[in-house]
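Q: Pasting a structure here, questions to come.
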Amino acid sequence: MANEFPQAMVIGGSDSDGSAGIEADLHSFFMRGVYGTVALTAAVAGNSYGIHDSVTLPLPFIAKEFEVLADDLDIKATKTGMLADADLINTVADNLEKYDFGQLVLDPVIVTKHGALLLESEAFNTLKQRLIPLATVMTPNYYEAEHLVGRKLPGKDDVIAAAKELQNLGAKNIMIKGKRSEDEDTVDDYVLLESGKSFWLPAPFFATDRRNGTGDTVSAVITAELAKGSDVESAIRIARAFVSEAIMHPIAVGHKFGPINHWANEPQRP
């Protein structure tokens, strides 16, 4: 029977060295036993030293990708990656409202871990207005959470308050990916569920320069688990454990900032 196999979709850009973007998402989908599909929005020419060029695909082509996937497949969960500008965000939102692609995991790629802003103000506001209200789960990193609420988050109480504000913007479930404190050997993620339940997810800090694709992989594993019918809390816990294993068992790919190791985890059979 058609479409019995669990299917998920990523909306985002291609990273030519395979460490992040849709490549990291598809690695994650495969390892979690889910068939991955793509609405490609952009492509970057990059390697472990950095990104050297990029191109955004035409909006009519991107819209056509949504149309043809909806016409044939049965996608149960979808995630976003980096979306370049307001016009692209509006195109994505229009098509997510037009077609049923299941639950949405929004990875709001706004600010890097080094504090570099990736979205201009118009695109940032469009993201807040059009995509956040559609999200089943939103997974900002610590710096993106700060940018979304418009203030620094120096302590755990501040992170908790920020998660509530983000939930009030429309996203049902929030996972704020933490940062390592200078005097601690753990990284604490904070989760606020739609039910009101909340908890911290501590993970050991592992010193490595093989971290590319970490955020993509967290959101992709959550998406894969939702596509298989898991509840949100289980999906988040599985994703956090998956990424910890992938970071703590690095692979030698590239000369500088390499990818995490998806293959450190046991592959799941559908």
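The values are calculated or read from the model by the stated rules, or taken from the named source; none is laboratory data. Here the structure is a predicted model, which is why all the values come from computation and not from measurement. Neighbour counts run over all protein chains shown; Cβ positions are idealised from the backbone, glycine included.
Q: Here are some residues: A8, A45, A39. Which one is over 21 Å from D71 (Cβ atoms) and either in contact (Cβ under 8 Å) with a residue 12 or more places away in the chain or more than 16 Å from the chain's Cα centre (by Cα) (or both)?
A: A45
Q: Another question, then. Of all residues in the stretch 131-158, count the ones that are over 27 Å from A224 (Cα atoms), in a helix (DSSP H, G or I) and either touching a Ser or Thr at 6+ places or on another chain (Cβ under 8 Å) or not charged (D, E, K, R) (or both).
A: Selection size over the stretch 131-158: 2.
Q: Another question, then. Under 8 Å between Cβ atoms, which residue pairs at least 6 apart in sequence (or on different chains) link something in the stretch 212-233 that is of a type in the set (D, E) with a partner that is surrounded by 24 or more Cβ atoms within 10 Å (Cβ to Cβ) and part of a helix (DSSP H, G or I)?
A: Between residues of the stretch 212-233 that are of a type in the set (D, E) and residues that are surrounded by 24 or more Cβ atoms within 10 Å (Cβ to Cβ) and part of a helix (DSSP H, G or I), the close pairs are D216/G21; D216/A24; D216/D25; D216/S28; E225/A235; E225/A239.
Q: Which one of these does L59 not meet: (1) hydrophobic (A, V, I, L, M, F, W, C); (2) over 21 Å from Q103 (Cβ atoms); (3) buried (at least 20 other Cβ atoms within 10 Å of the Cβ)?
A: (3)
Q: Then there's this: If you check every pair at least six apart or on different chains, which have Cβ atoms under 6 Å apart with a residue in the stretch 61-82 that is in contact (Cβ under 8 Å) with a residue 60 or more places away in the chain and under 21 Å from F124 (Cα atoms) first and a residue that is among the β-branched types (V, I, T) and buried (at least 19 other Cβ atoms within 10 Å of the Cβ) second?
A: Here the result reads K79/V10; K79/V105; K79/T223; T80/I11; M82/V109, each pair linking the stretch 61-82 to a residue that is among the β-branched types (V, I, T) and buried (at least 19 other Cβ atoms within 10 Å of the Cβ).
Q: Can you tell me which residue within the stretch 243-256, out of those that are surrounded by 17 or more Cβ atoms within 10 Å (Cβ to Cβ) and touching a Lys or Arg at 6+ places or on another chain (Cβ under 8 Å), is nearest to V218 (Cα to Cα)?
A: Top of the filtered list is I247.
Q: Shifting gears a bit: Report yes if L96 is of a type outside the set (S, T, N, Q), at pLDDT 95 or above and more than 20 Å from the chain's Cα centre (by Cα), otherwise no.
A: No; evaluated as a whole, the condition is false for this residue.
Q: Is there a residue in the stretch 232-239 that is surrounded by fewer than 18 Cβ atoms within 10 Å (Cβ to Cβ), modelled with pLDDT of 95 or more and farther than 14 Å from V137 by Cβ? Walk me through it before giving the result.
A: Taking the stretch 232-239 first, the residues surrounded by fewer than 18 Cβ atoms within 10 Å (Cβ to Cβ) are 233-234, 237.
Remaining after also requiring modelled with pLDDT of 95 or more: 233-234, 237.
From what is left, the residues that are farther than 14 Å from V137 by Cβ are none.
No - not one qualifying residue is present in the stretch 232-239.
Q: Could you run through the stretch 78-99 and say how many residues are outside any helix (DSSP H, G or I) and either more than 24 Å from P140 (Cα to Cα) or of a type in the set (A, V, I, L, M, F, W, C) (or both)?
A: Result for the stretch 78-99: 4.
Q: What do you reckon, is I75 surrounded by 14 or more Cβ atoms within 10 Å (Cβ to Cβ), part of a helix (DSSP H, G or I) and at negative phi? Working first, answer last.
A: On the way: surrounded by 14 or more Cβ atoms within 10 Å (Cβ to Cβ): yes; part of a helix (DSSP H, G or I): no; at negative phi: yes.
So I75 does not fit the description; no.
Q: Looking at this structure, is G170 on the phi > 0 side of the Ramachandran plot, within 20 Å of the chain's Cα centre (by Cα), at pLDDT 95 or above and not charged (D, E, K, R)?
A: So G170 fits the description; yes.
Q: Of all residues in the stretch 203-231, count the ones that are farther than 15 Å from A20 by Cβ, surrounded by 15 or more Cβ atoms within 10 Å (Cβ to Cβ) and at pLDDT 85 or above.
A: 8
Q: Considering only residues of the stretch 13-40 that are modelled with pLDDT of 95 or more and in a strand (DSSP E or B), which is farthest from F61 (Cα to Cα)?
A: Taking the candidates together, the pick is Y35.
Q: Return yes or no: is A42 closer than 24 Å to A264 by Cα and of a type in the set (A, V, I, L, M, F, W, C)?
A: Working: closer than 24 Å to A264 by Cα: no; of a type in the set (A, V, I, L, M, F, W, C): yes.
When the stated conditions are applied, A42 does not pass them.
Q: Which numbered condition in (1) assigned to a helix (DSSP H, G or I); (2) modelled with pLDDT of 95 or more; (3) not hydrophobic (A, V, I, L, M, F, W, C) is the only one that S195 fails?
A: (1)
Q: What number of residues in the stretch 135-186 are touching a Gly at 6+ places or on another chain (Cβ under 8 Å), within 30 Å of F101 (Cα to Cα) and of a type in the set (A, V, I, L, M)?
A: Counting residues in the stretch 135-186 that are touching a Gly at 6+ places or on another chain (Cβ under 8 Å), within 30 Å of F101 (Cα to Cα) and of a type in the set (A, V, I, L, M) gives 1.
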